[in-house]
1. For a label point 7 angstrom out from the Cα of A:Phe199 toward its Cβ, which stretches of the stretch A:213-240 have the backbone nitrogen within less than 18 Å?
2. Of all the C-alpha pairs in the stretch A:372-523, what % are more than 22 Å from each other?
3. Considering every Cα-Cα pair within the protein assembly as shown, what fraction, in whole percent, is farther apart than 42 Å?
4. I'd like the distance between the alpha-carbon centres of the stretch B:243-322 and the stretch A:50-120, rounded to an integer number of Å.
5. Which entries of B:Lys260/B:Lys296; A:Lys520/A:Lys588; A:Lys320/A:Lys392 show an alpha-carbon separation above 18 angstrom in the structure shown?
6. Pop the C-beta distance of A:Ile480 and A:Asn567 into the FRET formula with R0 = 30 Å and round what comes out to the nearest 0.05.
7. Any chance you could check the Cα centroid distance between the stretch B:182-224 and the stretch A:394-462 for me, in angstrom?
8. Once the mean 1/r over all distinct Cα pairs of the stretch A:503-614 is inverted, what Kirkwood radius in angstroms do you read off?
Amino acid sequence: MSDKKSHKFNRRNFLKFAGVAGLATGAGVMLPKDALLARSEKSSKGKKMSFDVPPGQLDDYYGFWSGGHTGEIRIIGVPSMREIHRIPVFNRECGSGWGITNESKKLLRGKDAGDTHHVHGSYVDGMYDGKYLFVNDKLNNRVARIRIDYMEVDRILEVPNIQGAHGLFPQRYPKTDWVVVNSEFQTPVPNDASNSKAFNNPQEYYGMHTIIDAERMAVVCQIQVDENCDLAATDYKGKYSMCTSYNIEKGVTISEMLASDFDYLIVFNWKRIRAALAAGKYKTINGVKVLDGRMGKSDLNIRIPVPKNPHGVNISPDGKYAVVCGKVSPTTTVVELDRLDDAFAGKIKPEDCIVAQPYIGLGPLHTTFDGRGNAITSVFIDSTNVKWNIAKAIEAEKKGEEAKKKNPHIVDVLDIHYQVGHIMATMAETKGADGKWLVSLNKISKDRFLNVGPLKPENDQLSDITGEKLRHVHDSPTYIEPHDCIMVRRDIIEPLVKHRYDMFEHPLAVTKNSVKRKGKNVTVRMTANAPIFGLQEVKVKKGDKVTLIVTNHDEIVDLSNGVAISNYNINFVLGPQQTKSVTFTADKPGVFWIYCTNFCHALHLEMRMRFIVEV
Amino acid sequence: MLMIILIFGFCYPLTGYGQWKMFEHRYEYKPGDVLQTSRFVEKNGYWEGYRDDKLAGYVFLSQDWTKKLIGYSGKHMETLIGMDTSGIITGVKVIFHSEPIVLIGLKEKNFLDFLDQYPGKDIRQDLTVGKGISLDAITGATVTAVVQNAIILRSARKVASHTGLIEYVKGTKRRISEKFTELSWNELISSEAIKNIKVTTGELGIEGKDIYIDLYFGIVTVPSIGRNVLGEKLFKATINRLKKGESAIFIASNGKASFKGSGFARGGIFERFSIEQQDRGYAFKDSDYNILTDIKAEDAPSIKEGGLFIVRGNDFESYSPFKFNLVLPYRMGGKKEFKSFSVEYQIPDRFLEK
């Protein structure tokens, strides 16, 4: 199915890289002796870093983990690896009432299943500013924004024209005005009855690189490409975004997707995208401006060939390199970002941006950085974390194949348990990468925890990376299935997180209890103040449409109230000074106790009231 | 005999907080309840009581003087207080409170018994719960007791100061020096910029010679103290959070005991410590608090517990001396006991402008 006639790709030049990779696999791995004896006992810096956070002490990092097909985000304290909180995003979550309240339903619009993969924070000048988190939903093709002050979703955007919304990355410089999201699955565009002739013609399936306005949470534009768009990255200068593509073949079966022996890193030029938008060079499809980024039809992007079926793309904290992982090639490809301008100008070929293609191991997926010139790559098939030096890899590439064969770039190889996906070091996606801790998000835990039945947890493994060697210190089970995470220094986030809601931010905040009827619509406005609901009973008639609005008037930190209506399948929680509402039909006559679910007071159990549905 | 009206409210739907009345206790009163005289002359905020045309004392309502002091319920305990002309309390009567003492198995009488220990006490004395004031009658209701004690004494001292019974000399206003000197933990302690309370189990009469508490505190709004203790970043963030006239202190401790206690978890009030300056007292709420987990100054020990606390209002004089009061509970056999400690603090002269 491959259609590669149109690419202007110098095959000999490519083989200079791909060939070496093949050689390394064939010849077996020649690692420095000390790299094989890598299970170091202690960090070279002397004092061991401890993951033990004693009672009363706090973690050094906020870890934001995606939740995979649970559709949520989790907050993990690093280095203790304790799960501190969950943020429901695309899921229905009874603990908080997400998916049950009117406020959350308005954002979810009937879709309460999701698949979160990549959580990233908003930036100012290459550092987190602590304002927002963004996360993708691969299942229903959405992007959610979380406000960090409340650690709560405030916007959800449905992205049209795409499927498999996967790689997501915010703009890093000068600040996050844009967020990019990639569509991993190619589909007809538009993908509806008006374009049914394309349904059975995969040649008319396209990938999309979508640009979102981070403040407005609206699509700025989409760049349509032939390829699929897998993982995403942005540079540190606000000039480019990029995606890896593993299906340049437009394949619809595995064998078709694996047909070509190379694929691409596609780089998008933001200056040219802005110019094309200003010049009106777009079609509007499903209300979105779609720019043409297809092969040979566009100057908006360039395609850098990389070994077949790549996966992750990560930018080094100094902003100099993009590291693309080979997945089915045992190498990574190092792209020098300063060469991109010349490639876009046609002064050099796209593949001339590649400065190294070092051997890593079998199945490299993602790369993270210690801020000291080293990269650490997750290697899926080998089940290892491989630490390697970027400068040494580039130097060996320059020296030639003999130098490369000795793998001088490899610093350490750490066995992990088992089958790592993403990998992330503390602050590694910022220019403030601090090289303290590394988390290997392993897909399979197998025998590492008590057997809990056929469905087992993931295994997030923590390593101290302050020394030359990676020092594995801790295993923690996680419920299925975080894909990716970021770890942000506590001092960046902590001062911005609030203890209570600003009551009147909610337009319906209740200060006076009342029951008002308008025809069959009954609006109940009620306060909650542990251990008392503002009303002791509410009477409605069978068939009434009831809207219950409740405001928690407690100001004390951590004093939440729950509101649950027996037999009515309604349950939600209110933080201090928070308002939530539900609307439902009172279809069952009888007496139904409304009770507090969140232990609030010595008289918590007495905090209940009657909801009487009269015949 | 006094007539006591105990309001026990019943709920009426749609009347808002009707249910709260269940927790409210209101009593009738007259000035003569707390000062034995026949004639009262109403003044602004208090009554003068006369015996044979001679001024015998004063009677006042706490809400006119210390309304901001609130109990576990989040409400002020309105108290009628009598005091003679020499500063001796002649009577105390709570006229309204909604402290949930019933929740801990106490009766209203226990609360009244607690108040019975005040008549005869001299307001110039250092009276705190655990020192001169016993918690026996309402063991468990620590927040209620600590706040009630503060209400009585501070109201009395304010009236005494107002009527000229005692005189407080207003401190000469001095500016805090903005000059920063890098100082180690030990240097901060030896210069008295940080003060210490250290208690061993032996001193409490319980077994062993363990450190019960080793507590340090100081004003952090002084750059040479705050920046050294908190580090540049947290120091700046703390200063930025302060409103005009506010100040902030840090408290950090090691040892078995906790200065934070757990009352703040539900009640929002820290019942084990407060600061006192002349007739003014400052208790701390959870909204005044931020956790402190480490001290940045060189040589500083790691700490088990720490906090940054904002001194609210605009009448605290950070340049003047103040007292730091600590009440520690401990167990003697099976019985809960309290002991209180006070330490005088003043910003060292070198950190104030001339």
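Laboratory data are not the source of any read-out in this text; all were calculated from the coordinates shown. Bear in mind that the values here come from a model prediction, so they are computed numbers and not experimental data. We place every Cβ from the backbone using ideal geometry, glycine too, and count neighbours over all the protein chains shown.
1. Within reach of a label on A:Phe199, which here means backbone N under 18 Å from a point 7 Å along Cα→Cβ, the stretch A:213-240 contributes nothing.
2. 58 percent
3. 50 percent
4. About 32 Å separates the Cα centre of the stretch B:243-322 from the one of the stretch A:50-120.
5. Beyond 18 Å between Cα atoms: B:Lys260/B:Lys296.
6. The pair A:Ile480/A:Asn567 has a calculated efficiency of 0.45.
7. 45 Å
8. 13.9 Å
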